[in-house]
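Where a number appears in this text, it was derived from the coordinates with a stated rule and is not lab data. Small disclaimer: the values here were computed from a predicted structure and weren't measured. Please note: Cβ atoms are built from the backbone with ideal geometry, for glycine as well, and neighbour counts cover all protein chains shown.
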Amino acid sequence: MNEFDPSAELGLEHDKQFVCSCKGFLQLNDSSRDLCKRFVSKGDKLYDLISRYDDIVAYVLNRSEGRSGNTARFIAPFLKAFGVTDYAALEYCGEVLDPMPEAQRVMRHLMDTLPVFVTSSSYEHNILNLCDRVGIPRVLVECAEIAFDDFDMTRHDAKEIRDMASRITNLRTPTHEYELNVPTRLQEDEVNLVMTIDEIFNERFRDLFSSNIIREFRSVGANEKAYFLIDLRRKTQIDFEGTAFVGGDITDIHALDTVCDRGGLAMSFNGCDFAVRKSNVAVMSRDCTVAAVLVQEFYNEGIEAVFDLIENWNRETLKNKDFPDPYLMSTMLESNPKKLPEVHIVNRDNVDKIAKKSDKYRKNLLR
């Protein structure tokens with residue numbers, strides 16, 4: 001009777017599962033950017049420029065080797081060169097961690113309801129703190145794993161890499177906005193950015209012993225998050241139409257698109273422009289209880305019931321709804337006394353408007 005049941009551990013008794021990313025849903029801060037800002041000279045600008053380069057290579061130049069999500073890999077040698085250790089990274093990530101309000105309650109409710117998994121582009125140092133604060137078992141999370149202490153770096157290499165960082169941060173930060181899958185011409189400052197970082201990573205790093213920190217690092221980007229879903233499908237035997245994926249970062253777009261295309265719940269939560277365009281539901285909220293409400297409806301009745309609820313999204317309907325966890329519903333309503341979280345069904349007619357609005361909301365909310 002008390003034997004370990006692997007089928008139960010894999011969630012095979014369920015026909016639905018929940019997968020989410022972190023930034024914008026479980027936490028408000030960008031831990032990787034915070035690490036750069038704290039430990040690297042002009043590190044916030046360095047992170048922004050490398051992140052911009054990452055996106056341009058993946059979505060504007062469409063290089064075969066380009067994929068969104070390389071930022072964590074590219075900033076790793078700079079963090080090491082400025083003296084970051086695993087202990088320092090772990091401690092600082094804990095200090096600056098800013099969980100989304102009600103994240104612990106939401107994740108506890110979801111884990112009690114259906115199989116839950118998390119995929120994140122951030123370092124494990126952040127994830128360990130987030131798991132502890134929010135109450136998520138570490139084994140449920142895929143993230144970028146790196147041990148800074150395992151990589152040796154000579155003084156010569158450290159100086160060279162610090163000089164590279166200075167060269168990058170002397171560049172202008174591009175401000176041009178571009179659209180997903182729309183051909184565009186790079187601006188002059190973007191051309192300079194791409195040429196400079198191409199030279200640094202393709203030529204200057206080759207001569208450094210410390211280049212192995214980039215070669216051996218496995219980042220979790222847009223492709224990996226989609227592969228994570230495919231692997232989960234094999235392990236849990238739950239199809240994409242039974243999957244709820246909540247994300248909002250540019251690295252979430254392939255996972256969102258995969259779930260949306262198969263009829264699952266693809267929820268952009270405080271999403272960037274690109275994330276909204278790959279979703280069938282878009283949410284803008286300062287706490288995450290609304291996600292639990294929508295996922296619960298998906299779990300009970302399916303995607304059409306979620307659409308019906310959104311079409312009747314008003315305080316009276318939600319108050320009178322027979323919800324499995326009335327306390328969670330009351331928490332959402334009490335947390336939003338004047339105005340409910342903004343929830344939309346995304347379609348061709350409204351996607352441009354919602355994507356623009358959500359992107360602006362995300363930039364104002366996150367730090």
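Over region 188-297, the pair-distance histogram of Cα-Cα distances with 5 Å bins from zero comes to 2, 11, 16, 15, 15, 11, 9, 9, 8, 3, 0, 0 percent, rounded to whole numbers. Across region 37-51, computed HN-Hα scalar couplings (Karplus, 6.51 cos²θ - 1.76 cosθ + 1.60, θ = phi - 60°) run 4, 6, 9, 10, 4, 6, x, 5, 5, 4, 4, 4, 5, 5, 5 Hz from first to last residue, x flagging Gly and Pro.
The alpha carbons of the chain give a radius of gyration and a Dmax of 21.0, 69 Å, in that order.
Averaged over all directions, how much area does the convex hull of the C-alpha atoms of region 155-222 cover when projected, in nm²? Walk me through the numbers on the way to the answer.
Values: hull surface 24.0 nm².
Seen from a random direction, the Cα hull of region 155-222 projects 6.0 nm² on average.
Please report R215, R172, R277 as a ranked list, fewest other C-beta atoms within 10 angstrom at the top and most at the bottom.
Working: R215 8, R172 12, R277 23.
Listing R215, R172, R277 from fewest to most nearby Cβ atoms yields R215, R172, R277.
Summing charges over all other residues whose Cβ lies under 13 Å from the Cβ of P324, with Lys and Arg as +1 and Asp and Glu as -1, gives -4.
Would you kindly calculate the mean projected area, averaged across all directions, of the convex hull enclosing the Cα atoms of region 85-141, in square nanometres? Show your work: numbers first, answer last.
Working: hull surface 15.8 nm².
Computed as one quarter of the Cα hull surface, the answer is 3.9 nm².
Taken over region 29-87, the alpha-carbon convex hull comes to 82 cubic angstrom per residue.
Applying the Karplus relation 6.51 cos²θ - 1.76 cosθ + 1.60 with θ = phi - 60° to region 312-326 yields 3J(HN,Hα) values of 10, 6, 8, 4, 5, 4, 5, 5, 8, 6, 7, 9, x, 10, x Hz, where x marks Gly and Pro.
For N270, nonlocal amide neighbours, meaning residues 5 or more places apart or on other chains whose placed amide H falls under 5 Å from its own, are V283, M284, S285.
Could you work out how much longer the chain between N212 and K339 gets when fully extended? Use 0.36 nm per residue separation minus the Cα distance between them, nm to one decimal.
On the way: separation 127, 0.36 × 127 = 45.72 nm, distance 5.12 nm.
Roughly 40.6 nm would be gained on extension.
Grouping the Cα pair distances of region 133-250 into 10 Å bins from zero gives a pair-distance distribution of 9, 25, 29, 26, 11, 0 percent in increasing distance order.
To the nearest ten degrees, helix 188-199 and the longest principal axis of the Cα atoms of the chain are 70 degrees apart.
Once the Cα-Cα distance is subtracted from the 0.36 nm per residue extended length, the D44 to A88 segment shows a gain of 14.1 nm.
Along its principal axes, region 67-207 has C-alpha extents of 51, 44, 23 angstrom, given from the largest down. Pair-distance distribution of region 225-283: all C-alpha pairs, bin width 10 Å, starting at 0; shares per bin in whole percent are 30, 55, 15, 0.
What is the fewest-to-most order of M329, M107 by other Cβ atoms lying within 10 Å of their Cβ?
Working: M329 19, M107 25.
Starting with the residue having the fewest Cβ neighbours, the order is M329, M107.
Place a +1 charge on the Cβ of each Lys and Arg in the chain and a -1 charge on the Cβ of each Asp and Glu, then give the dipole magnitude about the Cα centre in debye, rounded to the nearest 20. Please report the intermediate quantities before stating the final value.
Values: 47 positive and 61 negative charges, 236 e Å.
Taking the Cα centre of the chain as origin, the dipole is about 1140 debye.
Between Rg and the Kirkwood Rh of region 210-359, both from Cα atoms, what is the Rg to Rh ratio?
Values: Rg = 16.7 Å, Rh = 16.3 Å.
Computed over Cα atoms, the ratio is 1.03.
Using the Karplus relation 6.51 cos²θ - 1.76 cosθ + 1.60 with θ = phi - 60°, the per-residue 3J(HN,Hα) values for region 115-123 come to x, 10, 9, 10, 10, 9, 7, 7, 5 Hz, with x marking Gly and Pro.
Over all directions, the average projected area of the alpha-carbon convex hull for region 126-169 comes to how many nm²? Intermediate results must be reported in sequence, preceding the final value.
Working: hull surface 19.5 nm².
About 4.9 nm², averaged over all directions.
Kindly identify region 282-353 as rounded, prolate or oblate by the Cα gyration tensor criterion: order the square roots of the eigenvalues as a ≥ b ≥ c, call it rounded if a/c is under 1.5, otherwise compare a/b with b/c, prolate if a/b is larger, else oblate.
On the way: a/c = 1.89, a/b = 1.29, b/c = 1.47.
Here region 282-353 falls in the oblate category.
Here the peptides 22-29, 79-86, 195-202 are ranked by packing, the mean other Cβ count within 10 Å, and the order with the highest first is 22-29, 79-86, 195-202.
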